[in-house]
Structure formats: structure tokens, C-alpha cells
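> Just passing along the structure, written as C-alpha cells.
The values are calculated or read from the model by the stated rules, or taken from the named source; none is laboratory data. Quantities reported herein were computed from a predicted structural model and do not represent experimental measurements. Using ideal geometry, Cβ is built from the backbone for each residue, glycine included, and neighbour counts are taken over all protein chains shown. Protein only, heavy atoms only, side chains kept; ligands, DNA and RNA dropped before computing areas. Shrake-Rupley method; radii C 1.70, N 1.55, O 1.52, S 1.80 Å.
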Amino acid sequence: MAAYHLKIENGKLSFQPERDYRGKILFFVLLAIGIFVVIPMLDLYPDTQWGVMAIGLVSALTALYDFIFHFNVTYIFDQYTRQVYKKIPGLFTRKIMAFEEVYILQVQEDGLLHYALSHKENKYGKSFAISQPFGTNRKSQVRQEQFETEVLTEIERTIQFSLQ
């Protein structure tokens, strides 16, 4: 599935849960660029100019944070080590749980459904979102069905194959 960058190679299933951060990142980058380009050309009081530049800086930092820690997150299901890893490219790869502990949870937040990985012993404790939120409109239902049939079935197949 192209939206999730799903890959299966060498006994590893990896995917990037696209959580609709592309639009948010683009908005904050364009806002920051606009502020940094336009504000110096305007004749504003220095305090006002620095205040608006601070908004531009916060926008740029928000875009950078979302790009690094949300947009590029990759989950890896390794059949050989029977572990699930969370990878942030260029920074770290962290083991989050063993296959025996994996529980796929449907989470409802703000009326939106998304899927998450959780531990079997503590299902409602710490969890890791593996899908974007799905709404109730037709487009979201199609995306949810596509996620369930393509990504979720591969995750379950990888875990079940490894446990046998």
C-alpha cells in the first residue's frame, strides 16, 4: 500500500503510518517562510516585529518536530528476532515489544477510530498508533477498509507465522 510504504523483505515487515501530517507540515513551513520574508520588509515597531518573528520560529520548529517524530516513523516487525521496533530514521531504532505481547487495539478518540499496538497484559496502557484516524465519511471508510485489508492483515499474518 503506497500510503503506508508497506515493505516485506528478508523476514521483516515495515511500514510508515501516514497520519496526515503532510498538510500540517506544509502549512507551518509556508507560514514560517512567509513571516521571515514579509515581516522584515514592513515598517513595524521592533517589539511587534520580534513578536511576529517568534511566531514564525515556533511555526518552523513545529514543522520540523512533526517531520522528524511523526511523519517518518517506521514500525518494523522482525520475524527472526520476533520483536517489534519503532524506528525514527537517522535518530534511533527502539524495541517496543515482543510478538507474544502484541495486541492490536481499536482506539476511539474525539469520535475518530485508529489502530494501535498495545501490550496484552495492559491493553489500555501505553500504545503506539499504527494508523491515521478514520472518520465517518465515505473517504475515511474506504481508507479504513484499505488499511484493514492490506496492512492489518499483513501484520497479523507476520505475527501468526512467527508464533507457529
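> LYS24 is checked against (1) open to solvent by less than 90 Å² (accessible area, probe 1.4 Å); (2) assigned to a helix (DSSP H, G or I); (3) farther than 20 Å from ARG143 by Cβ and fails just one. What number does that condition carry?
(3)
> Okay, moving on. Considering only residues that are more than 10 Å from the chain's Cα centre (by Cα) and open to solvent by 70 Å² or more (accessible area, probe 1.4 Å), look in segment 58-80 and name the one that is farthest from GLU101 (Cα to Cα).
VAL58
> Please go through segment 112-154 and pick out each residue that is free of Cβ contacts under 8 Å to residues at least 12 places away in the same chain and either within 22 Å of LYS12 (Cα to Cα) or hydrophobic (A, V, I, L, M, F, W, C) (or both).
VAL142, GLU148, THR149, THR153
> Further question on the same structure: Can you give me the number of residues within segment 88-106 that are touching a residue at least 24 places away in the same chain (Cβ under 8 Å) and either part of a strand (DSSP E or B) or open to solvent by 60 Å² or more (accessible area, probe 1.4 Å) (or both)? Lay out the reasoning, then the answer.
Just the residues of segment 88-106 that are touching a residue at least 24 places away in the same chain (Cβ under 8 Å), to begin with: 96, 99-100, 102, 104.
Applying the additional criterion that residues be either part of a strand (DSSP E or B) or open to solvent by 60 Å² or more (accessible area, probe 1.4 Å) (or both) yields 96, 100, 102, 104.
Going through segment 88-106 one residue at a time, the tally reaches 4.
> Now, a different point. Test ILE55 against the stated conditions and say whether it is open to solvent by 80 Å² or more (accessible area, probe 1.4 Å) and not basic (Lys, Arg). Please lay out each step first, then the result.
Numbers: open to solvent by 80 Å² or more (accessible area, probe 1.4 Å): yes; not basic (Lys, Arg): yes.
Yes; evaluated as a whole, the condition is true for this residue.
> Still on this structure, I have one more. Can you tell me which of (1) of a type outside the set (Ser, Thr, Tyr); (2) in contact with a helix residue (DSSP H, G or I) (Cβ under 9 Å, 6 or more places away or on another chain); (3) farther than 17 Å from LYS7 by Cα; (4) outside any strand (DSSP E or B) is the one GLY51 doesn't meet?
Result: GLY51 passes all but (2).
> Considering each of GLU145, GLU150 in turn, give the residue that is in a helix (DSSP H, G or I) and within 17 Å of HIS5 (Cβ to Cβ).
Answer to the selection: GLU150.
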